[in-house]
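Asks: Shown below is the structure under consideration.
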Amino acid sequence: ATGTREGGPGSKRYAWVVKLDAELQQCHAMECDSIAPGTGNAGRASAGPLVDVYPSPTTDLVHMNFVAPLDQAAELCIHNLEGKRLLLESVAGGSSGYQVALGGFGSGLYLWELRRDGVLLQNGKVMVSVFGE
């Protein structure tokens, strides 16, 4: 889909493009190279939120609080909106929270996934706003 947005006289004109690719529908554990934008929580292993992620927007650190400690280790993947994996980290079993530094990625919207043994536990998005960009 494409479109434009214009403000009043003398304002900037913005164009936007949304690109969806059917080939980018999953991210599998350590081979976590791509993700489909806007996939939501469909296909999750369990119902209800497992992770509370804040703040969004953030300037750098994102806090992930788990509703209950993880019973097993999991993988956290961070992707940009083009589907490129920017980060893959292991989260230890027994963890009740996790912090991720995203300020080095620059301003923008990023997608995250928490997986265990290739099964999606939860995913979401976080906005990064780096001052001066």
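Asks: Taking SER90, is it free of Cβ contacts under 8 Å to residues at least 24 places away in the same chain and more than 14 Å from the chain's Cα centre (by Cα)?
Replies: Here the answer is yes, as SER90 does meet what is asked.
Asks: Counting only residues that are open to solvent by less than 20 Å² (accessible area, probe 1.4 Å) and of a type in the set (Val, Ile, Thr), which one in the stretch 109-130 is farthest from TYR54 (Cα to Cα)?
Replies: VAL128
To keep it simple, each residue is scored yes or no on (1) touching a residue at least 24 places away in the same chain (Cβ under 8 Å); (2) loosely packed, with under 12 Cβ neighbours inside 10 Å; (3) in contact with a helix residue (DSSP H, G or I) (Cβ under 9 Å, 6 or more places away or on another chain).
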| position | (1), (2), (3) |
| --- | --- |
| MET64 | yes, no, no |
| CYS77 | yes, no, yes |
| LEU81 | yes, no, no |
| ARG85 | yes, no, no |
| GLN99 | yes, yes, no |
| SER107 | yes, no, no |
| GLY132 | no, yes, no |
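The values are calculated or read from the model by the stated rules, or taken from the named source; none is laboratory data. Keep in mind it's a predicted model, so treat the numbers as computed, not measured. So basically every Cβ, Gly included, is an ideal-geometry build from the backbone, and we count neighbours across all protein chains shown. Accessible surface is based on the protein model in full, side chains and every heavy atom, while ligands, DNA and RNA are left aside. Shrake-Rupley method; radii C 1.70, N 1.55, O 1.52, S 1.80 Å.
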